[in-house]
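Everything below concerns the one structure shown next.
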Amino acid sequence: MIQIINSFLIYLKSEKNYSDKTVINYESDLDEFVKFHTNQTHNFDVVKVNEEDIRLWIIYLMENHLKETSVNRKLSCLRSFYKYLLYKGVISKDPTRRIVGPKRKKALPVFIKVEDMQKVLSKDNFEEGYKGVRDHTVIDMFYETGMRLSELMNLRNEDIDMISMKIKVTGKRNKQRYIPFGQTLKDEIEEYIISRNKYIEAKCNAFFLRENGLALYPNLIYNIVKQHLSKVVSIKKKSPHVLRHTFATAMLNNEASLSAVKDLLGHERLSTTEIYTHTTFEELRKNYKHAHPRA
């Protein structure tokens, strides 16, 4: 049995080019699996494993409060091992083929309430001059469009259509979409452009610029958002993605259709957008519990 496992680990490293760390993790997972069943029965043989043996192991892992992601990783190791045994002709039937791992629980998106966003966007929270105007526009653009960090960072001057009041965004896999914006953001953008053209000597065609005329970079954008959200909210996550969540939640709370929000966010599947409906429902639940005397 040890020889079979060792040959599998050698195969992973030499033929599949798995990293040393992955091979060590696989070795540990297989060792755990063998030890568990050896404790169950002294006659355990890894080659004679059936579906029930694997399900018992999964139950054991779950009862020991292992996360779904960890259980599925260990199950993935087992699948690879038994596919290898089938490939080598050691077994004639793969015992993992009908095994389904535990579903990963999706965490609800963190978002900021409307009244808190109004406080975040108060001009009093931003410094005077170009940097303050730029940072305010960055945060407001995240909030009013729901675009991703990478999408905002890659905006070019020609992507902003002030007449039609829409922004061309290049999303994942270079897919482009248009996001409309309102008068408030239009005024913000105009104020930013005037300030930028007055104080900054542009050295690239990026829409948002640093004081040295170069484009913003991811960590700088992240820190701009974190700095200003920290002044108002106490949530643990204070990132551009939280503002994306806030945009989507605000749209749905104000009766936007799910398909419209999907298109604005650039999601490929409606199921990805549906997570925000759970967020709005949880908010309704909190309001109900707070307000109803029998709740």
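Put one equal scatterer on each alpha carbon of the range 1-146, apply the Debye formula with no solvent term, and list log10 I(q)/I(0) at q = 0.15, 0.20 1/Å to two decimals. Each listed q corresponds, in turn, to -0.77, -1.27. With a threshold of 32 Å on the Cα-Cα distance, the over-threshold entries among LYS83/LYS175; LYS67/LYS231; LYS21/LYS67; LYS103/LYS168 are LYS83/LYS175; LYS67/LYS231; LYS103/LYS168. Taken along its three principal axes, the alpha carbon spread of the chain comes to 79, 60, 32 Å, from the longest extent down to the shortest.
Might you report the magnitude of the Cβ-based charge dipole of the range 156-234 about its Cα centre, with Lys and Arg at +1 and Asp and Glu at -1, to the nearest 20 debye?
480 debye
Whole-Hz Karplus values for the range 169-186 come out as 10, 9, x, 5, 6, 6, 7, 9, 8, 10, 10, x, 9, x, 5, 4, 5, 4 Hz, taken residue by residue from phi with 6.51 cos²θ - 1.76 cosθ + 1.60 and θ = phi - 60°; glycine and proline positions read x. Surface composition of the range 6-106: carbon plus sulfur atoms hold 47% of the accessible area, using a 1.4 angstrom probe and ignoring ligands, DNA and RNA.
Sorted into 10 angstrom bins from 0, the C-alpha pair distances of the range 129-181 split as 23, 57, 19, 1 percent. Heavy-atom accessible area, probed at 1.4 angstrom with all protein chains present, ranks GLU63, GLU191 as GLU63, GLU191, highest first.
Dipole size in debye (nearest 20) for the chain around its Cα centre, Lys and Arg Cβ +1, Asp and Glu Cβ -1? Numbers along the way, then the final one.
On the way: 49 positive and 37 negative charges, 138 e Å.
I would put it at about 660 debye.
Between 0 and 90 degrees, the angle of helix 130-145 with respect to the longest Cα principal axis of the chain falls at about 60 degrees.
With all pairs of separate Cα atoms included, the range 207-250 yields a Kirkwood hydrodynamic radius of 11.6 Å.
For the range 60-76, putting each phi into the Karplus relation 6.51 cos²θ - 1.76 cosθ + 1.60 with θ = phi - 60° gives couplings of 4, 5, 5, 5, 8, 6, 6, 5, 4, 5, 5, 4, 5, 5, 5, 5, 4 Hz, in residue order, rounded to whole numbers and with x for Gly and Pro.
Across the range 4-12, coupling constants 3J(HN,Hα) worked out from phi with the 6.51/-1.76/1.60 Karplus curve, θ = phi - 60°, read 5, 5, 4, 5, 5, 5, 5, 4, 4 Hz, and Gly and Pro carry x.
For the range 74-228, compute the orientation-averaged projected area of the C-alpha convex hull (one quarter of its surface), in nm².
Values: hull surface 56.8 nm².
Reported value for the Cα convex hull: 14.2 nm².
The values are calculated or read from the model by the stated rules, or taken from the named source; none is laboratory data. Since we're looking at a predicted model, the values are computed, not measured. Virtual Cβ from ideal backbone geometry, glycine too; neighbours counted across all protein chains shown. The area values use the complete protein model at the heavy-atom level, side chains included, leaving out ligands, DNA and RNA. Shrake-Rupley method; radii C 1.70, N 1.55, O 1.52, S 1.80 Å.
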